[in-house]
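Take a look at the structure below.
The values are calculated or read from the model by the stated rules, or taken from the named source; none is laboratory data. Treat the numbers as computed from the prediction; the structure is a model and nothing was measured. We place every Cβ from the backbone using ideal geometry, glycine too, and count neighbours over all the protein chains shown. Surface accessibility is based on the protein's heavy atoms, side chains included, excluding ligands, DNA and RNA. Shrake-Rupley method; radii C 1.70, N 1.55, O 1.52, S 1.80 Å.
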Amino acid sequence: AAMPPGPEAAPASSPASSPAPAPLFGGCWSCRLLSGAGLLLAALWIYQGPRQSLKRGVPPSMAAIAQITFAISEGRG
């Protein structure tokens, strides 16, 4: 009994014939601007939380120091 060809026997398609993958969010600039603004606002919120407690005279915890360090390093990178 002859076995039907499996998926490994299928001819390989050339990369030129396959369509290019669609860019993330379909290349929508408003989506990119909205998500970028959201990321910047999130970094600002993370930075301001520990900073306000430092202004009140509360000694910083290790978590507060890590948050501020992370927020500053992301802004410059």
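Out of the residues in segment 27-69 that are part of a helix (DSSP H, G or I) and among the basic types (K, R), state the one that is most open to solvent (accessible area, probe 1.4 Å).
Within segment 27-69, the match that is most open to solvent (accessible area, probe 1.4 Å) is K55.
Could you please tell me which pairs satisfy a Cβ distance under 7 Å, a separation of 6+ or placement on different chains, a first residue in segment 22-43 that is closer than 27 Å to A66 by Cα and modelled with pLDDT under 85, and a second residue that is part of a helix (DSSP H, G or I) and open to solvent by 100 Å² or more (accessible area, probe 1.4 Å)?
A43/E74
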